[in-house]
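Written below as C-alpha cells is the structure these notes are about.
The values are calculated or read from the model by the stated rules, or taken from the named source; none is laboratory data. Treat the numbers as computed from the prediction; the structure is a model and nothing was measured. Glycine also receives a Cβ, built like all others from the backbone with ideal geometry; neighbour counts cover every protein chain displayed. Keep in mind that these areas ignore ligands, DNA and RNA; they rest on the heavy atoms of the full protein, side chains included. Shrake-Rupley method; radii C 1.70, N 1.55, O 1.52, S 1.80 Å.
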Amino acid sequence: MRAATPWSEVFELLSVGTGETLYMVGVSTLIATLLGIPLGVLLHLSAPSGLRPNVVLHKILGTVVDLGRAMPFLVLLVALTSVTRLLVRTSIGPTAAIVPLAVGAVPFVGRLVQNVLREVHVSVVEAAVTTGASTLRIVRSVLLRESAPALINAIGVTTIALLGYSAMAGVIGGGGLGDVAVRIGYQRFDDRVLWSTVVLLAVLTTVIQLLFDLAARLVDRRRHAST
Amino acid sequence: MITVENLTKTFPSQGGPVTALAGVTLDVRAGTVCGVVGPSGAGKSTLARCVALLERPDSGSIRVDGTDLVGLDGSRLRAARRQIGVVPQGDSLLRQRTAAGNVALPLESAGMPAPQRRSRVAELLDLVGLTDKAGNYPDQLSGGQRQRVAVARALAANPSVLLADEPTSALDPETTGSVLTVLDRARAELGVTVLVVTHDMAVVRRICDDVAVLEHGRVVEHGRVLDLVSDANSRTAATLLPEVDQSAGVAGNHDRVADVVLVGFAAVGALLPEAASRFDVQLALLGGGLTRLGETPVARFRVGLTGERADSALEWISDTGAVVVRTPKGPQGVAA
Ligand SMILES: Nc1ncnc2c1ncn2[C@@H]1O[C@H](COP(=O)(O)OP(=O)(O)OP(=O)(O)O)[C@@H](O)[C@H]1O
Ligand SMILES: [Mg+2]
C-alpha cells in the first residue's frame, strides 16, 4: 500500500472535482428543467381528464417517458456516445457527460411535474376555466404558480439524483468527484481521497437540499397553512 | 335570463351509461334567484356544469340573454364563459394568491389593465364585505370568507348570470347566512340572475324566488316559492313549511282537523282566533309554526276544530286567502 496523498493535493483534487461536478449537475439540471416542465405540462394537459385531452399524444409521450426512465443510466451513457460527440464534439469530460445526464433526467422531471400538477385541485382549475382564461394562462397563472413550491422540490430531487448519476458518469471519463473517488480513491486504494469525496458528496447533497427547501419556502405564499 | 331546453347528458361508466340529465327544461327569470334542489345524484351539479359551460350536453339548448351557448368553441366559448360567473363546488380559490389576487383573475383573463383592475377588485371586495381581508391568503380566511371571495371573483367580470354549486355545503348555519347575504346583494344591487344548487332548504327559504326540483335528471317541480307553498300537493311546500307532526290530532276528538297555510299575512296570529269567535267553534293549535320565505312571513298550523260550524269556519279561513287542507283520517292527510 502506497502512502496517502498529501492533504494539499487532496484539496486540489477535490476542488477541481467539485467544480466539474457542479458544472455537470448544474447544466444538466437546467436543461432537464427547461425540457421536463413543458413535457410534464403536456402530459398533464393531454390526459383524459386534462384541459386538452388527446389520447394519441398522451400515449406517445407516456411511452417515451417510460422508456426513458426504464433505461439504465450506464446504458444511456454508452448508447448516447455518438449523439454526444455530435452535440459537443467530444465524448469524454464533464461537458460530454451533460448530454446523457440531461437526456436521462428529462423524462424523470416530466413525470415528477405531471404528478405535481395533478395535486392542483380540480375546482381551482375549473374556476379559472370559467373565467374564460386561455389554456396558456391557466398553465402559467394557475397550474405552475399554484404548484411552484412542489415544482421547486421536484427540481431539488432531480438535482440530487443527478449528483449521484454524475458520479457514475465519472467512471467513463466524465470527471468530477465520482471520477476522483473511483480513479484515485478506489483504484489506488487511497482511503483519504475516497472518504474525503464521500464526505464532500454528502455535504453537497445536504446543501443542495437546504437551498431548494429554502427556495420552495420563499415562493410558498401559504405561510399560515393549516394543513 | 337563463333558458334551458330539453337538456340531456349521459355519462359512460362501468355499469353502463348513466343518464344525469334526461331532458331538463328550466326558465330562470331575469334578476331572480332560482334554487335547484333534489336528492343526491339527481343531476343538479351536471345541470350547473352544463350551464357553466364546463360540460357539454348531449342535446338541448342553453340560452343566456337569448344566445345559444351550446356547441361554442375556442375564443367564442371563452367569451361566453366570461358572461357567466361561477362559484364552483368546493374550495376553488388559488392558495398562492391573496383574496384580492383571486378576485383579479377573471379581470386578467379579460385583459383589463392593472389600474382599472385594482379599483374593480376593491369594489367587489367591498360588495362582499371583505375589504379588510384583501391581502389575506385563502389559508388565512374562514370557510365563509373564502366562499365570499369566490362569489366576488365570479362577479368580477360583470356577468349577467351567477351560478353557484352548493356554495354553503361546508358551512355552519351562521356562516351560511353571510354567504347568502352576498348572493342576495348580487341580485339586488347588480341585477344578476342567480342559479344556486343546494340541498339545504334554508338556502331556498332565505334567498330563492323560484325553485326547481330535480329527480332522476328531470324537473319534477318548478315555480315560484311563494306559489308552491300554497300548493297542497307540492313537495317543496312540504319541506319548506314549518313541520307538522302528521299524526297530530288525528286520534283526537276534534270535529275537524286541518292544516292551514298562511302566506304573507301581517297578523297570522289574529286570523285563527277570529275564525273561532265568528263561528263559535273551539279551535286548538296542534302543531306547526311560523317561518320566513325571503321577506315574507309564512305559517303552517295544524288546527283542531270542535263545534257545529267547524266546516264554515274552515271555509271562511280559506276565503281569506289561506290554504286549508283537511285531514279527515289517517296520517296521510292530503285529501281535501
Ligand atoms: N363525470 C362523470 N362521470 C360519470 N358519471 C357522472 C359524472 N358526473 C356525474 N355523473 C353521474 O351523473 C348523475 C348525476 O350526478 P350529479 O353530480 O349531477 O348529481 P347531484 O344532483 O349534483 O348530486 P349531489 O347532490 O350528490 O351533488 C350521478 O348518477 C353521477 O354518478
Ligand atoms: Mg352535486
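Points to keep in mind about this one:
- What separates the Cα centres of segment B:98-125 and segment A:111-148 is a distance of 19 Å.
- Those residues of segment B:131-149 for which accessible area with every protein chain present is at least 30 Å² below the isolated value (1.4 Å probe): B:Y137, B:D139, B:Q140
- Distance between segment A:1-66 and segment A:79-97 - C-alpha centres, whole angstrom: 16
- Heavy-atom accessible surface of segment A:124-212: percent carbon and sulfur, 1.4 Å: 71
- Per residue, the accessible area of segment B:2-237 comes to 39 Å² when a 1.4 Å probe rolls over the protein heavy atoms.
- Size of the B/A contact, given as accessible area buried on both chains, probe 1.4 Å, in Å²: 2200
- Across segment B:178-202, the residues whose backbone nitrogen lies under 18 Å from the label position 7 Å along the beta-carbon direction of B:N158 are B:186-193.
- Count Lys and Arg as plus one, Asp and Glu as minus one, and take only other residues whose Cβ is under 12 Å from that of A:G132; the net charge is then +4.
- With 10 Å bins from 0: P(r) over segment B:2-237, alpha-carbon pairs, percent: 8, 32, 36, 20, 4, 0
- At least 30 Å² accessible surface lost relative to isolated chain, residues of segment A:107-150 (1.4 Å probe): A:S123, A:V124, A:E126, A:A127, A:V129, A:T130, A:T131, A:G132, A:R137, A:S141, A:E146
- Protein heavy-atom surface of chain B, 1.4 angstrom probe: 48% of the accessible area is carbon and sulfur, with nucleic acids and ligands not counted.
- With DNA, RNA and ligands ignored, accessible area of B:H216 (1.4 Å probe; Å², nearest 10): 150
- Kyte-Doolittle at least 0.0, axis length at least 15 Å by Cα - qualifying DSSP helices, chain A: A:7-46, A:55-70, A:94-118, A:148-169, A:191-219
- Heavy-atom accessible area, 1.4 Å probe, ligands and nucleic acids excluded: residues of segment B:65-80 down by at least 40 Å² from chain alone: B:R78
- Label zone of B:T131 (point 7 Å out along Cα→Cβ, amide N under 19 Å): in segment B:184-201 this covers B:185-186, B:189-190.
- Based on alpha-carbon atoms, the Kirkwood radius and the radius of gyration of chain A give Rg/Rh equal to 1.07.
- Tail weight of P(r) past 11 Å, computed on alpha-carbon pairs of segment B:33-84, percent: 72
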